[in-house]
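**Student:** Provided herewith is a single structure, encoded as structure tokens, for subsequent inquiry.
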Amino acid sequence: MADEEDELPETELSYDQKKEIAKWFLLNAPAGEINYVAKDLKAVLSDEEVYKEAAMEAFPVYNKSHMICLEMPSRAGDVIVSSYSEITENEYLDPRTAQVAIVDHVKQICTKVRPANDEELPSLYIEEYRSALDAEIQRYVSESYPKGMSAVNCVKGKDTEGPGSEFELVVIITAMRLSPQNFCNGSWRSVWNIDFQDESQVLDIKGKLHVGAHYFEEGNVELDARKEFQDSTIFQSADDCAIAIANIIKHHETEYLTALEVAYSKLPDNTFKDLRRKLPVTRTLFPWQNTLQFSLTREVEKELGLGK
């Protein structure tokens, strides 16, 4: 009798509650895994309307936050979907080719492109700085990030016609390594805001790095690392500014990547040990002195090229 009184009655979730829960799962999917999550959600919900509305709201946010890269039709190039290149909800500017990509967020494809109009492009003066920086960042990304993509957008003062005004450029770098067949996916995202201050002749540089990794063989381990940076350099010619900014970005990103590699080299001794209770339910001590017998440790070290 007491057990029956303690049982809570089952309550049916409302339409909005189901939608918000579905959105949460979609938005929190690891890099490159939102479509797997979506497929399972469809099956669990058994409600096409709820799923469609949740997907329509979640996919654009997910795509922009993960800065996914989509190929434009007819091999016109690639466009990075981000809040910095957004013109409308489904239109994204590729400043390198001066084209606007029309995107289907749920299908994660670019359906068509159109030429950008003059109002959507920066002035010739701004373009000189933007294109010079874009070229230097492209060179850096091609050397440092396999399959990495980059873009440089003007987010403030794009109509500036010459010296005497301030403007701001944003460098976007995104790279993914998806290997679901090996139970491992990862992504690198970095955003660098460069504020060109004409009066003080200084460039104020602020960067945000976001590294994610998901390993799900014989377990479920996820990395979500974030780091912010601040630096500065002097206002020079377009080419000199581009070289200085690219070197600053390269320095900070390389330094952070090195720090991550050092942290990962200590996985067997520190992190894995902290993830488990000292004596598991089996009452058998975990063999910390020989963690390499477990495939998770071996595969992580193999992916990072450690222990060589």
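**Student:** Of all the strands (runs of 3 or more DSSP E) wholly in the range 1-112, which have at least 3 residues that are of a type outside the set (Ser, Thr, Tyr)? If you could, list the steps in order and put the result at the bottom.
**Tutor:** On the way: elements: 69-71, 78-80, 86-88, 91-94, 99-104.
Ranges flagged: 69-71, 78-80, 91-94, 99-104.
Residues checked against (1) touching a helix residue (DSSP H, G or I) at 6+ places or on another chain (Cβ under 8 Å); (2) open to solvent by 20 Å² or more (accessible area, probe 1.4 Å); (3) under 30 Å from residue 35 (Cβ atoms); (4) without any contact (Cβ under 8 Å) to a residue 40 or more places away in the chain:
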site: 147; (1), (2), (3), (4): no, yes, yes, yes
site: 178; (1), (2), (3), (4): no, yes, yes, no
site: 199; (1), (2), (3), (4): no, yes, no, yes
site: 217; (1), (2), (3), (4): yes, yes, yes, no
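**Student:** Mind checking whether some residue in the range 109-132 is of a type outside the set (A, V, I, L, M, F, W, C) and touching a Phe, Trp or Tyr at 6+ places or on another chain (Cβ under 6 Å)?
**Tutor:** In the first step, residues of the range 109-132 are kept if they are of a type outside the set (A, V, I, L, M, F, W, C); the result is 111-112, 114-115, 117-120, 122-123, 125, 127-131.
Restricting the remaining residues to those that are touching a Phe, Trp or Tyr at 6+ places or on another chain (Cβ under 6 Å) gives none.
For the range 109-132, residues of a type outside the set (A, V, I, L, M, F, W, C) and touching a Phe, Trp or Tyr at 6+ places or on another chain (Cβ under 6 Å): absent.
**Student:** So, one more: Among the residues of the range 187-245, write down those that are among the hydroxyl-bearing types (Ser, Thr, Tyr), more than 18 Å from residue 155 (Cα to Cα) and within 23 Å of the chain's Cα centre (by Cα).
**Tutor:** 187, 215, listed by residue number.
**Student:** Show the residue pairs meeting these rules: Cβ distance below 7 Å; 6+ apart or different chains; first residue within the range 27-45 and under 14 Å from residue 59 (Cα atoms); second residue among the β-branched types (Val, Ile, Thr).
**Tutor:** Pairs found: 27/61; 29/37.
**Student:** Considering the range 31-49 alone, what residues qualify as being open to solvent by less than 40 Å² (accessible area, probe 1.4 Å) and closer than 17 Å to residue 107 by Cα? Reasoning before the result, please.
**Tutor:** We begin by selecting, within the range 31-49, every residue open to solvent by less than 40 Å² (accessible area, probe 1.4 Å); these are 31-34, 37-38, 41, 45.
Listed by number, the residues that qualify are 31, 32, 33, 34, 37, 38, 41.
**Student:** Filter the strands (runs of 3 or more DSSP E) completely within the range 180-238 down to those with at least 3 residues that are aliphatic (A, V, I, L, M).
**Tutor:** The strands (runs of 3 or more DSSP E) meeting that bar are 202-215, 221-234.
**Student:** Residue by residue through the range 137-166, note down the ones that are within 18 Å of residue 197 (Cα to Cα) and among the acidic types (Asp, Glu).
**Tutor:** 159, 161, 166
**Student:** Go through (1) open to solvent by less than 20 Å² (accessible area, probe 1.4 Å); (2) modelled with pLDDT of 95 or more one by one and return the number of the condition residue 83 breaks.
**Tutor:** (1)
**Student:** Hey, can you tell me all the residues within the range 201-215 that are on the phi < 0 side of the Ramachandran plot and open to solvent by 30 Å² or more (accessible area, probe 1.4 Å)?
**Tutor:** 202, 204, 206, 208, 210, 213 - these are the residues of the range 201-215 that are on the phi < 0 side of the Ramachandran plot and open to solvent by 30 Å² or more (accessible area, probe 1.4 Å).
**Student:** Ok, one more. Quick check, is residue 159 assigned to a helix (DSSP H, G or I), open to solvent by 60 Å² or more (accessible area, probe 1.4 Å) and farther than 16 Å from residue 257 by Cβ? Outline the logic, then answer.
**Tutor:** On the way: assigned to a helix (DSSP H, G or I): no; open to solvent by 60 Å² or more (accessible area, probe 1.4 Å): yes; farther than 16 Å from residue 257 by Cβ: yes.
It is false that residue 159 is assigned to a helix (DSSP H, G or I), open to solvent by 60 Å² or more (accessible area, probe 1.4 Å) and farther than 16 Å from residue 257 by Cβ.
**Student:** Which residue is nearest to residue 192 (Cα to Cα), if the candidates are limited to the range 219-253 and must be open to solvent by 30 Å² or more (accessible area, probe 1.4 Å) and in contact (Cβ under 8 Å) with a residue 40 or more places away in the chain?
**Tutor:** 250
The values are calculated or read from the model by the stated rules, or taken from the named source; none is laboratory data. Nothing here was measured: the structure is a model prediction, and the numbers come from that model. Heads up, the Cβs are rebuilt from the backbone with ideal geometry, glycines too, and the neighbour counts pull from every protein chain shown. Calculation scope for accessible area: heavy atoms of the full protein, side chains included, ligands and nucleic acids excluded. Shrake-Rupley method; radii C 1.70, N 1.55, O 1.52, S 1.80 Å.
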